[in-house]
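Data block below; observations after.
The values are calculated or read from the model by the stated rules, or taken from the named source; none is laboratory data. Predicted model only: the values in this text are computed from it and were never measured. Glycine gets a Cβ as well: all are built from the backbone with ideal geometry, and neighbour counts include every protein chain shown. For accessibility, only protein heavy atoms count, side chains too; no ligands or nucleic acids. Shrake-Rupley method; radii C 1.70, N 1.55, O 1.52, S 1.80 Å.
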Amino acid sequence: MPQLGLGVWQAGNGQDLDRAVKTALETGYRLFDTASFYQNEDGVGKAIAESGIDRSSVFITTKVWNDEQGYQETKTAIQRSMDALRTDYIDLYLIHWPVRDKYKDTWRAMEECYQKGWLRAIGLSNFLQHHIEDLLPHCSIKPMVNQLEHHPLLVQKDLQLFCQQNQIQFEAWRPLMGGSLLSELELLQELAQKYQKTSAQILLRWNIQNNIVTIPKSITPQRIKDNYNIWDFALEEADMLAIDALDQGRRLGPDPDTFV
Ligand code: NDP
């Protein structure tokens, strides 16, 4: 899968979203991260279709929402998402949150849809180590990706390692800490100065060099372009470790153990 994509949570489902997806495609993005919960799968599908870029060169991730989980419900949700996205397959389908007592049935439905070719890859989101350990013995196909909150305030090195040991690709949501905290971390300002890049570009480069797939959200054309302009520099190892060391174990989003 591409290592850098565009997230579209809270991007709306109108002109802003349309312009964002098309700007991203023109810039070089090929990965788009949506969810049935975001209520904009149809807008993403429409923008991709209108862009003229071949469907086969675009990678679409979407997710099953909490109240769509369960065996039959998930199959219905997958069909609904494919219709909304104007596609007959989804590149990566994720369980959005680990809904207790449901995620094993949800996974079984996803495995079947994977076998049918409707889902090219299947994975998890917001699954902590104990959730994965609970699910793994019930899998005939192992999860391929786990999408988690990840930024300098919540690094989760142990979970990164656990995913790596189980060949599960770690993917970061909220990689820019929601944008507003970018100017508050002094180290990021220093590194931005040192590498002549923005704080956002420093963080996205830190993701890439840690082999973490990252999906910053923006509806601002210049930011969409800037966030993609991270391929012409490399952070030194000491700077990578210095960003890791900012970890506070601080969530900006919900805690998977209490949210569902
Ligand atoms: P991000 O960390 O990507 O931050 C997005 C915010 O940062 C927006 O307000 C955006 O503003 C701003 N921003 C973007 N680029 C820059 C920049 N270069 N400089 C300054 N500000 C910037 O947070 P998200 O929560 O949106 O996470 C990214 C994606 O992850 C989501 O869109 C979604 O696809 C996914 N996600 C998945 C979750 C899950 O449970 N699996 C949970 C949450 C998110 P503007 O748009 O106005 O430019």
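Here are the numbers:
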{"quantity": "DSSP bridge pairs, the chain: antiparallel proportion in percent, nearest 5", "calculated": "5 percent"}
{"quantity": "Given charges at beta-carbon only (K, R positive; D, E negative), |dipole| of the chain in Debye", "calculated": "460 debye"}
{"quantity": "Given charges at beta-carbon only (K, R positive; D, E negative), |dipole| of segment 160-260 in Debye", "calculated": "420 debye"}
{"quantity": "Anisotropy class of segment 6-259 from Cα gyration tensor, a/c 1.5 cut", "calculated": "oblate"}
{"quantity": "Residue-level accessible surface for Thr198, protein heavy atoms, 1.4 Å, Å²", "calculated": "60 Å²"}
{"quantity": "Positive-end residue of Gln156, Leu176, Thr106, charge dipole of the chain with Cβ unit charges", "calculated": "Thr106"}
{"quantity": "Computed FRET value (nearest 0.05) for Arg55 with Ala234, which takes r as the C-beta separation and R₀ as 41 Å", "calculated": "0.80"}
{"quantity": "Cα centroid of segment 31-76 to Cα centroid of segment 137-182, whole Å", "calculated": "20 Å"}
{"quantity": "Fully extended contour minus Cα-Cα distance, from Asp244 to Cys139, at 0.36 nm per residue", "calculated": "34.6 nm"}
{"quantity": "Förster-model FRET efficiency, 30 Å R0, Asp158 and Gln189, C-beta, rounded to 0.05", "calculated": "0.60"}
{"quantity": "Farthest positive-ward along segment 6-259 dipole, Cα basis, beta-carbon charges - from Ile208, Gln72, Gln129", "calculated": "Gln72"}
{"quantity": "Nearest-10 value in Å² for the accessible area of His130, using the 1.4 Å probe", "calculated": "90 Å²"}
{"quantity": "Per residue solvent-accessible surface (Å²) - segment 6-259, probe of 1.4 Å", "calculated": "44 Å²"}
{"quantity": "Accessible surface of Lys75 - all protein chains present, 1.4 Å probe, nearest 10 Å²", "calculated": "40 Å²"}
